[in-house]
Amino acid sequence: MTTRLLIVGPQGSGKGTQGVRIAEAFGVPVVSTGDIFRANIKNNTPLGQKVKAITDAGDLVPDEVTSEIVRDRLAEDDAREGFLLDGYPRNTAQVGHLDEFLSGRGEALDAVIVLDVPREESLKRLTLRAEQEGRSDDTTDVIARRLDIYESETAPIIDVYAPRGIVDRIDGVGSLDEITERIFAALEARGLARAAA
Ligand code: AMP
């Protein structure tokens with residue numbers, strides 16, 4: 001059985017943390033474009049040099065660059081039976097790229113988990129995290145810019161997936177464990193099975 005998942009939510013929605021928990025429970029790798037970019041920036045690779053200024057500003061890396069990275073990653077062996085995408089696709093053009101890639105392999109997403117968190121709550125969490133972790137990419141302006149881009153570019157992808165009947169909207173306000181349980185319940189209601197412990 002395959003498990004191909006996407007988690008969508010604004011920055012500060014907790015999607016990174018929940019994504020790791022879901023991936024672990026369902027026995028699939030997390031494919032996070034943000035993590036891939038951060039690792040490349042840290043290691044000062046040619047890709048890292050190319051995307052540093054863009055990610056620092058909170059803007060989106062060009063679709064072609066991002067989609068190629070994801071295609072390469074999804075072609076690896078550990079993603080054969082499933083994966084959890086975090087942070088990609090982030091606009092409708094990327095949805096098209098992913099559809100093309102997956103349909104070329106006779107595959108499709110099984111579920112799109114949308115973590116609903118009000119903007120005010122995201123802002124509060126991100127500002128706190130920036131203070132605690134001293135994240136250089138999380139200044140107030142950049143945080144606001146990321147949330148604006150989420151609302152204008154990323155939220156519309158939910159309307160593309162909804163008619164396919166694969167979207168699960170999850171209330172993202174609550175304790176981490178409560179939210180994880182909500183997500184598990186939604187995925188299990190779709191007949192997706194957690195991996196044996
Ligand atoms: P994230 O950790 O998902 O918030 O990603 C951090 C940054 O990486 C974003 O603000 C973007 O600059 C870039 N990024 C991550 N995923 C994508 C994507 N799918 N398309 C374009 N840029 C992305």
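Solvent-accessible surface (1.4 Å probe) assigned to Arg73 amounts to roughly 50 Å². Taking the Cα centre of the stretch 120-172 as reference, the dipole from Cβ charges on Lys and Arg (+1) and Asp and Glu (-1) amounts to some 120 debye.
May I ask you to give the percent of accessible area on the stretch 59-197 that is carbon plus sulfur, with a probe radius of 1.4 Å? Walk me through the numbers before you get to the answer.
Values: 3520 of 7110 Å².
On the stretch 59-197, the fraction of accessible area on carbon and sulfur atoms equals 50 percent.
Over the stretch 8-116, calculate the relative contact order: mean separation of alpha carbon pairs under 8 Å at least 6 apart, over the residue count, as a percent. Walk me through the intermediate numbers first.
Working: 92 pairs, mean separation 42.8, N = 109.
Value for the stretch 8-116: 39 percent.
Distant-in-sequence amide contacts of Gly27, defined by a placed amide H-H separation under 5 Å and a gap of 5 or more residues or a different chain, comprise Ala195. Hydrodynamic estimate: the Kirkwood radius of the stretch 10-122 over Cα pairs, inserted into Stokes-Einstein at 20 °C and 1.002 mPa s, corresponds to D of 142 µm²/s.
About its Cα centre, the dipole of the chain is roughly 160 debye, where the only charges are +1 on Lys and Arg Cβ and -1 on Asp and Glu Cβ. Taking Val28, Val65, Val20 as the candidate residues, the one with maximal mean-square fluctuation in a Gaussian network model of the chain, Cα springs under 10 Å, is Val65. Our compactness index for the stretch 74-197, the C-alpha radius of gyration over the empirical 2.2 N^0.38 Å, is 1.19. Val20 sits among other residues whose Cβ lies under 13 Å from its own Cβ, and their net charge, with Lys and Arg +1 and Asp and Glu -1, is -1. Solvent-accessible surface of the stretch 51-117, averaged per residue with a 1.4 angstrom probe and all protein chains in place: 41 square angstrom. For Phe37, the solvent-accessible surface with a 1.4 Å probe is about 20 Å², rounded to the nearest 10.
Just how large is the dipole of the stretch 84-129 about the Cα centre, in debye to the nearest 20, putting +1 at every Lys and Arg Cβ and -1 at every Asp and Glu Cβ? Display every interim value, and only then the final one.
Values: 6 positive and 8 negative charges, 67 e Å.
Value, rounded to 20: 320 debye.
Each helix, a run of at least 4 DSSP H residues, gives -39500 (n - 2.57); summed and divided by the residues of the chain, these come to -16000 deg cm²/dmol at 222 nm.
The phi torsions of the stretch 19-25, fed into the Karplus equation with coefficients 6.51, -1.76 and 1.60 and a -60° offset, translate into couplings of x, 5, 5, 5, 4, 4, 5 Hz, rounded to whole numbers, with Gly and Pro shown as x.
The values are calculated or read from the model by the stated rules, or taken from the named source; none is laboratory data. All values reported here derive from a predicted model rather than from experimental measurement. Please note: Cβ atoms are built from the backbone with ideal geometry, for glycine as well, and neighbour counts cover all protein chains shown. To get the accessible areas, we keep the full protein, side chains included, count just its heavy atoms, and leave off ligands, DNA and RNA. Shrake-Rupley method; radii C 1.70, N 1.55, O 1.52, S 1.80 Å.
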